[in-house]
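The values are calculated or read from the model by the stated rules, or taken from the named source; none is laboratory data. All of these numbers come straight from a predicted model, not from anything done at the bench. No Cβ is skipped: glycine too gets one built from the backbone with ideal geometry, and neighbour counts run over all protein chains shown. Note: areas computed on protein heavy atoms with side chains; ligands, DNA, RNA excluded. Shrake-Rupley method; radii C 1.70, N 1.55, O 1.52, S 1.80 Å.
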Amino acid sequence: MKYLIYGLIIALVVVHQDVWNWENDHLVFGFLPWTLAYHACISIAASIVWFLAASFAWPKNLEDDDTAGANAVAATERDGGAA
Amino acid sequence: MSPGMIKVLIIGVYLGLLLCLGIFSSRLFKGTSKDYLLASHSIGPFLLLMSLFGTTMTGFALVGSTGEAFAEGVGVYGMLASSSGIIHSLCFFVLGVKLWSWGKKYGYTTQAGFFRDRLESDKIGLVLVPILVGLVVPYLLVGVISAGKAIEGATRGDFLWMSESGGIPPWLTELVICVVVLVYVFFGGMRGTAWANTFQTLVFMVLGVVAFYLIATGLATKSVETGRAHTIVDGERVVRTEPPTGFLDSLQIVSQEIPKSRRVRAQVDLKDQIESVEAPPQFRTRERLDPWMFFTYMLIPFSVGMFPHLFQHWLTAKSGNAFKLPVVAHPVFILIVWIPCVLIGVWATTGLINIPPPIASDPNKVLGFMVKSLSGDILGGFLLAGILAAIMSSLDSQFLCIGTMFTTDIVVHYGGKDRFNDRQIILISRCFIIAIVTITFMLSLTNIAQTRVFQLGIWCFSGFSSLFPLALLAVYWRGLSKWGAYAGVLTAAGVWFWLFSASNFGAIDNWSVDITLGEKTIHTMPVATIFLASAAATIIVSLITPKPSEATLLKFFPEKA
C-alpha cells in the first residue's frame, strides 16, 4: 500500500505539469478560468491521496505512548528545561 | 464617525481580543521552559491543523497571491498553491511525524539539537542557526510589509492628515502588529501561540470567504451600473443593463472580463471598451509563464520541511496520530484561501474597476484597495482584521522560534544547562526576540519595502527549500555524515547568496537561471540550482567521509541495524 501511495503522489506531481492546458482560456461554469479549475481539482485529489496515506500507510513504531512521552518530558525538565 | 475611524476601531477591538487570549492562555502556563516553548506536547489534531495551516499561510498567501495574480494572472495558483497542497503534506508525512517522534523521545526543541545528535557534530549548530535566523528575518519582513501595505491601501483617503495618500502609514501598522504579537507571545508562549493561531486562522478563513462574496457581488453590481459589464445576445457583445441575479451570476459577470487586461483599460475609453478591443487572454491563462519556470517552482514548497517555526509546531503534537488531520486537510484549506485571492487579483486587472496608478504600481496594495472599494466601512474593518489575522498567525510562531533557537542552541548549549534557571532562559529568549523584531522593523522602513512581497518571499523560501535535502537525508539515510551536512549547508548558503546578488538582491522581478541547450534556452527558478547543488554536495561528501558511530545509527535506525 505504501508504494501505491507514493505512486499516486508521483502521479499528482506529473499531472500538475499540465503544459496541455497552457493557453486554454475557457471559463468553467462561466466564471472559473480553466487553469484555476484544473489545479483546484489537483488540490482536492491531493487531499484524497493523503487521506489514503493516513488510513493505510501511516508510519509505525512512533513514540506514541503518552506515558513514555510524559516521562521523557519530565526527565528533560529535571535536566534543565528546554536545553 | 468617519469611515477610517470605524475600521481602526474594529481592528483595535480585534487586537485587544488577541491580547486577552494570550493573557488567558498564560494562566495555564506551567512555569517551565518546556511548556513555554512546546506547550508540553499537548496539542491535539484540530489545534495542530489550525496552527500549522495558520503558520504557513502568511501575508505571502493573501496579500502576495492577490498582488501576484494582478501582475501575472491566474497561473499563480498552480505555481504555488496546488503544488503546496502536495508538497506541504508530504513534508508533514515524511519529516514531521518522524521528527516529532524523535523529538518527544530524545527531548529536542530545535532543528540544531536534532542535527547535533544525529550527526555527532556540535559545530553544525553554529553553522545552521545563523543561516536559519538569517532566512527567518526576510520571512518576517514579508509579513510585516504585507500588513503595512494592505492597511495603507485599505484606508487610502481616510486619514488625509496622516500621510500623502491619506492612508495609515505602513510604519504605524507594522509597529502596532509587532507590539501586539510580541505581547501575546510573551504572555502565552507556544500554547498561547497555538490558540491565537487557531482563532486567527478561523477568522481569516471565514472573513476571506465573506470578502470574496462581497467583492464579487459588489464588483458585478457596480459594473452593470456603470455600463462596463457585457453580455452576449444573438452572438453579439452588448452592454448589460440587468442587475446581477445572484452570486453565481455575479461571478460570471466579473470573470468573463478577465481577459481585458490593464493594457485595455489604459488604451481604451470607457464607451468603446467592449466593442473595439481584441482582449489579450494572458491573465486568464498561463501565457505569461514559462513552463520550465512553472515546473521548477514546485521545489519552493519544500521550504516547509526546514522552517524552524514549523519544526517547533510539529514538536507540540500530542501524538503521531495528531498529524493525520493536518496532512489530509491542508491541501483543501489552501484551496479555500487561495482561489478567492487569485480571482480577486485577476478581477482587478479587468476594465470593471479603476485601479489608481499608485495601487497598480504596487501590487501588494491591491487586496486592501479591493476591500476598501467594494465593501462597507464596518465589513471592510472586519475584512482588514482578517488580513491582519493571517499575517499575525505566522509572525507569532516565527518570533517564538527565533527566541527558542537562540536560547537553546547558543545560550544554554554553550553556557551550560545548570547556569540558567527557566525564568532566566525565558527572559533571554524574549530579549533576543525583541532585538530581531527591532531589526526587522527597521529593515521594513528601508527600500526593501518596495520589493514585491511575492518576490521577497520566493527568495526566502528558496533558501529554506535548498536545506530540505539535508533534512530528508538525516531522517532516511544512514550514510549521511557531518561533513556531508556541512558541505550541503555551506553550498546552499553560497549558491543562494551568489544568485541573490546576481538578481540585484531580489530587485529584478521573475529573475531566472537560464540554461542553453543547443539552440534552446530554458528558464528555471533559482531554487532548482540551489536545491540540486546542495543535494549533490551533501551526498557526494557523505559518500567519501566517515559516517556517525554505530551507536548513533542504532539510535535513529534500530530496524536497519
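Is it the case, given these coordinates, that B:HIS309 is farther than 16 Å from A:THR35 by Cα, within 11 Å of another protein chain (Cβ to nearest Cβ), under 18 Å from the mean Cα position of the chain (by Cα) and modelled with pLDDT of 90 or more? Against the criterion (farther than 16 Å from A:THR35 by Cα, within 11 Å of another protein chain (Cβ to nearest Cβ), under 18 Å from the mean Cα position of the chain (by Cα) and modelled with pLDDT of 90 or more), B:HIS309 does not qualify. All of B:LEU128, B:LEU140 fail the test of being within 30 Å of B:ALA551 (Cβ to Cβ) and open to solvent by less than 10 Å² (accessible area, probe 1.4 Å), apart from B:LEU128. Scanning segment B:337-366 for residues that are farther than 25 Å from B:SER163 by Cβ and among the β-branched types (Val, Ile, Thr) yields a total of 6. Does B:ILE433 satisfy being open to solvent by 40 Å² or more (accessible area, probe 1.4 Å) and either basic (Lys, Arg) or assigned to a helix (DSSP H, G or I) (or both)? Spelling it out, it is not the case that B:ILE433 is open to solvent by 40 Å² or more (accessible area, probe 1.4 Å) and either basic (Lys, Arg) or assigned to a helix (DSSP H, G or I) (or both). Only residues that are open to solvent by less than 30 Å² (accessible area, probe 1.4 Å), assigned to a helix (DSSP H, G or I) and not small (Gly, Ala, Ser) were counted across segment B:507-530, and they come to 3.
You will find that of A:LEU52, A:LEU36, A:LEU12, the residue that is farther than 29 Å from B:PRO45 by Cα and either open to solvent by less than 60 Å² (accessible area, probe 1.4 Å) or not acidic (Asp, Glu) (or both) is A:LEU36 and no other.
For segment B:19-52, which residues satisfy the criterion of being outside any helix (DSSP H, G or I), hydrophobic (A, V, I, L, M, F, W, C) and at pLDDT 75 or above? Once the filter is applied, which keeps residues that are outside any helix (DSSP H, G or I), hydrophobic (A, V, I, L, M, F, W, C) and at pLDDT 75 or above, segment B:19-52 yields only B:ILE43. Residue-level check: of (1) surrounded by fewer than 21 Cβ atoms within 10 Å (Cβ to Cβ); (2) in contact with an Asp or Glu (Cβ under 6 Å, 6 or more places away or on another chain), B:VAL181 misses just (1). Suppose we filter segment B:312-326 for residues that are among the hydrophobic types (A, V, I, L, M, F, W, C) and open to solvent by 10 Å² or more (accessible area, probe 1.4 Å); how many remain? So the answer is 1.
A Cβ distance below 7 Å, combined with a sequence gap of six or more or placement on separate chains, defines the contacts here; from segment B:334-346, residues that are at the interface with chain A (Cβ under 7 Å from one of its Cβ atoms) reach residues that are surrounded by 22 or more Cβ atoms within 10 Å (Cβ to Cβ) and of a type in the set (S, T, N, Q) in the pairs B:ILE334/A:SER43; B:ILE334/B:SER84; B:LEU335/A:SER43; B:VAL342/B:SER65. Among residues of segment A:19-47 that are modelled with pLDDT under 90 and part of a helix (DSSP H, G or I), those with a Cβ under 8 angstrom from a residue that is of a type in the set (Gly, Ala, Ser) and surrounded by 21 or more Cβ atoms within 10 Å (Cβ to Cβ), sequence gap 6+ or separate chain, pair up as A:THR35/B:GLY75; A:THR35/B:GLY78. Within segment B:133-148, work out how many residues are touching an Asp or Glu at 6+ places or on another chain (Cβ under 7 Å) and over 15 Å from B:ILE434 (Cβ atoms). Selection size over segment B:133-148: 2.
Residues checked against (1) in contact with a Leu (Cβ under 8 Å, 6 or more places away or on another chain); (2) within 23 Å of B:SER83 (Cβ to Cβ); (3) in a loop (DSSP other than H, G, I, E, B); (4) of a type in the set (Lys, Arg):
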residue	(1), (2), (3), (4)
B:LEU443	yes, no, no, no
B:ALA492	yes, yes, no, no
B:VAL495	no, yes, no, no
B:ALA536	no, yes, no, no
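The condition of being part of a helix (DSSP H, G or I), of a type in the set (A, V, I, L, M), open to solvent by 20 Å² or more (accessible area, probe 1.4 Å) and under 13 Å from B:ALA154 (Cα atoms) holds for only one of B:LEU379, B:LEU384, B:LEU367, B:LEU388, that being B:LEU379. Scanning segment B:96-130 for residues that are among the hydroxyl-bearing types (Ser, Thr, Tyr), under 16 Å from B:VAL475 (Cα atoms) and under 23 Å from the mean Cα position of the chain (by Cα) gives a single hit, B:THR110.
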